[in-house]
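**Q** This is the structure I want to talk about, given as structure tokens.
Rule-based calculations on the coordinates, nothing more; no lab input. None of the values given here were measured: they were computed from a predicted structure. Positions of Cβ are generated from backbone atoms using ideal geometry, with glycine treated the same way; all protein chains shown enter the neighbour counts.
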Amino acid sequence: MKRQRLGIDIDGTVTCPSTFIPYLNEAFGKPLTLGDITQYNLAPLYGVTEEEMDRWLEENEAAIYERAPLARYALEVIDSWKDKYELFYISARGRHLYELTERWFRRHGIHYHHIELTGSHDKIAAVRRYQLAAFFEDKYDNACAIGEECDIPVILFDTPYNQGPLPENVIRVKSWLEAKREVERRLQS
């Protein structure tokens, strides 16, 4: 019997959602915490233009991704799924970061069947192409779009930057342990 495939975002989902904050604070002289990050667009929060933020991210993302800490319980939950589901990681990271990303997965012992770096936040084509049974995300509009357009359960990891009303099949969770319970309950029914 073919195993179901889970789609999993990387940044803010497998990695800790506050990963970038210390680096941003240092670069832009702000004392922000994750609780202050109430929107996905960081430029206004740090008082810089979109272009300045894009340039900073481009210059610093590789080094930050290389040192990104795991989200709490992510490894334990993902490890418990390695023989039960096919694990497909779909990320907006640019394709040029593939080797770095794969190295990070190996260093942390994170099991995967496939890693796809789309270079864009639009993940719907990948969700459809790989016939994913569920998706794990931290970006609000991605979660809503995937849930509505692909008609699969989407587990949205709760953060201050992803608040808003949710479609019926988008489930907000506070931890990987809660995510595990939700997805297993929904995929077994």
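**Q** Please count how many residues of segment 1-34 are under 18 Å from the mean Cα position of the chain (by Cα) and in contact (Cβ under 8 Å) with a residue 24 or more places away in the chain.
**A** So the count comes out to 16.
**Q** Answer with yes or no whether Glu102 is charged (D, E, K, R), assigned to a helix (DSSP H, G or I) and without any contact (Cβ under 8 Å) to a residue 40 or more places away in the chain.
**A** Considered against the rule, which asks whether it is charged (D, E, K, R), assigned to a helix (DSSP H, G or I) and without any contact (Cβ under 8 Å) to a residue 40 or more places away in the chain, Glu102 comes out as yes.
**Q** Please pick out the residue among Tyr40, Tyr65 that is under 30 Å from Ile171 (Cβ atoms), under 13 Å from the mean Cα position of the chain (by Cα), in a helix (DSSP H, G or I) and not small (Gly, Ala, Ser).
**A** Only one candidate qualifies: Tyr65.
**Q** Here is a follow-up. Thr33 is checked against (1) surrounded by 13 or more Cβ atoms within 10 Å (Cβ to Cβ); (2) more than 24 Å from Ala125 (Cα to Cα) and fails just one. What number does that condition carry?
**A** Here Thr33 meets the rest and fails (1).
**Q** Moving on. Considering only segment 98-116, state which residues are over 17 Å from Pro69 (Cβ atoms) and of a type outside the set (D, E, K, R).
**A** Answer for segment 98-116, where residues must be over 17 Å from Pro69 (Cβ atoms) and of a type outside the set (D, E, K, R): Tyr98, His111, Tyr112, His113, His114, Ile115.
**Q** Does Glu149 qualify as being over 15 Å from the mean Cα position of the chain (by Cα), assigned to a loop (DSSP other than H, G, I, E, B) and under 23 Å from Gln131 (Cβ atoms)?
**A** Judged against the criteria, Glu149 is not a match.
**Q** Please list, ordered by first then second residue, the pairs with beta carbon atoms under 6 Å, 6 or more apart or interchain, first in segment 121-140 and of a type in the set (Gly, Ala, Ser), second crowded, with 22+ Cβ neighbours inside 10 Å and part of a helix (DSSP H, G or I).
**A** That search, which allows pairs on different chains as well, returns Ala134/Val183.
**Q** Which residue out of Leu75, Leu45, Leu97 is over 16 Å from the mean Cα position of the chain (by Cα), surrounded by 14 or more Cβ atoms within 10 Å (Cβ to Cβ) and part of a helix (DSSP H, G or I)?
**A** The conditions single out Leu45.
**Q** Within segment 152-175, which residues are in a helix (DSSP H, G or I) and within 20 Å of Val127 (Cβ to Cβ)?
**A** Scanning segment 152-175 gives a single hit, Asn162.
**Q** Can you tell me which residue within segment 48-68, out of those that are touching a residue at least 40 places away in the same chain (Cβ under 8 Å) and under 20 Å from Pro31 (Cα atoms), is surrounded by the most Cβ atoms within 10 Å (Cβ to Cβ)?
**A** Taking the candidates together, the pick is Ala68.
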